[in-house]
Amino acid sequence: MMSELLFADSYTREDLRTYVNRARSLDADGAIRLQSHGTVLAAYVGVLQGHGLMTEGAVIGLRVIALGEPVDLDVTVSLASVSERLARKGISAFSIPPSTVSVGWAALTPPRSGWKKVGDVSVADLKTIATQGIVEIAQGTPEGSGAHAVAALRQRVWARDTQTTPPIPSGTAFAAYALGFLVSERAQVFAHGHWTRLSTETGHVLVR
C-alpha cells in the first residue's frame with residue numbers, strides 16, 4: 001500500500017487539516033476514508049452513522065483534495081491519527097497511518113457517475129435548518145439524559161425531511177453546516193437510486 005500522499009500545495013494540505021478538525025469536533029473517535037485512483041483524493045467522513053445492517057440514513061461528508069502525484073489508495077483510518085500527522089509543520093508529504101479501522105458507513109461506496117440533478121436549495125435555509133435542529137436537540141436532552149435518549153432524539157430530528165423544494169433529510173443540512181460547506185448562496189441536490197447528494201463548491205454530503 002502507498003505509505004505517503006503528496007499534496008498539490010501547502011494550501012491543499014491545510015484544507016484537509018481544517019476538514020479533519022471539523023469532522024473531529026463532531027466525533028472525536030471518528031474515522032475518515034481516503035480513496036484515490038489518480039491525482040484526486042476523496043476524503044469521506046461519517047457525520048451520522050445510520051442504523052441497521054445497511055446503515056440506513058447514514059450521512060457522509062465528502063471533500064475532494066488535489067494531489068501532487070497520482071496514488072492508488074483506499075483506506076479507512078482514525079481521524080485522530082490523520083489530525084496528528086497533518087499538525088506537523090514544514091512537511092509537504094502526509095504519511096498514511098498504518099492502523100486501519102472498521103466502521104459501517106465506510107463500507108458504503110457512493111456512485112461516482114449517473115447522478116441526476118433534482119433541484120437546488122437556499123444555503124440560508126440550510127443554515128436555519130441546521131441551527132434549529134441543534135437547538136431542538138440541546139433543549140430536548142437536558143443534563144443527565146441517557147445516551148440512548150440523546151441518540152434517539154438526534155435520529156428523529158435529523159431523519160425528518162426539510163420543507164425545502166426538493167425536500168432532503170435534515171441531517172444533510174446539519175452535515176453541510178458542521179463541515180463548513182455552506183459558503184455560497186445555493187446548494188445543488190442530486191439523486192441516484194437510494195442515494196441523495198447535496199453539493200456546494202466546497203464539498204458534498206451524501207445520504208443513503
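Remarks
- Screening the candidates I65, I60, I137 for the property of being surrounded by 13 or more Cβ atoms within 10 Å (Cβ to Cβ), at negative phi and assigned by TED's automatic domain parsing to the domain that holds D161 yields one hit, I137.
- Qualifying residues in the range 74-98 (those that are surrounded by fewer than 16 Cβ atoms within 10 Å (Cβ to Cβ) and touching a strand residue (DSSP E or B) at 6+ places or on another chain (Cβ under 7 Å)) - the one nearest to A42 (Cα to Cα): D74
- Selection of first residues in the range 179-195 that are free of Cβ contacts under 8 Å to residues at least 24 places away in the same chain and of second residues that are of a type outside the set (A, V, I, L, M, F, W, C), restricted to Cβ pairs under 7 Å at least 6 apart or on distinct chains, gives the following pairs, ordered by first then second residue: H194/R208.
- Apart from one condition, T109 fits all of (1) over 19 Å from V45 (Cα atoms); (2) free of Cβ contacts under 8 Å to residues at least 24 places away in the same chain; the exception is (1).
- Number of residues in the range 187-198 that are farther than 18 Å from G46 by Cβ and assigned to a strand (DSSP E or B): the value is 6.
- Tabulated pairs, the range 133-155, first among the small types (G, A, S), second surrounded by 15 or more Cβ atoms within 10 Å (Cβ to Cβ) and modelled with pLDDT under 85, C-beta under 8 angstrom, 6+ apart or interchain: A149/T141
- Looking across the range 31-53, just one residue is touching a residue at least 60 places away in the same chain (Cβ under 8 Å) and assigned to a loop (DSSP other than H, G, I, E, B), and that is G50.
- Wholly enclosed strands (runs of 3 or more DSSP E) of the range 59-140 bearing at least 3 residues under 27 Å from T165 (Cβ atoms) and of a type in the set (D, E, K, R): 116-122
- Test: residue in the range 140-157 that is closer than 16 Å to L48 by Cβ and at pLDDT 95 or above: yes
The values are calculated or read from the model by the stated rules, or taken from the named source; none is laboratory data. If you're wondering where the values come from, they're calculated on a predicted model, not measured in any experiment. Counting neighbours? That spans all protein chains shown, and the Cβs are built from the backbone with ideal geometry, glycine included.
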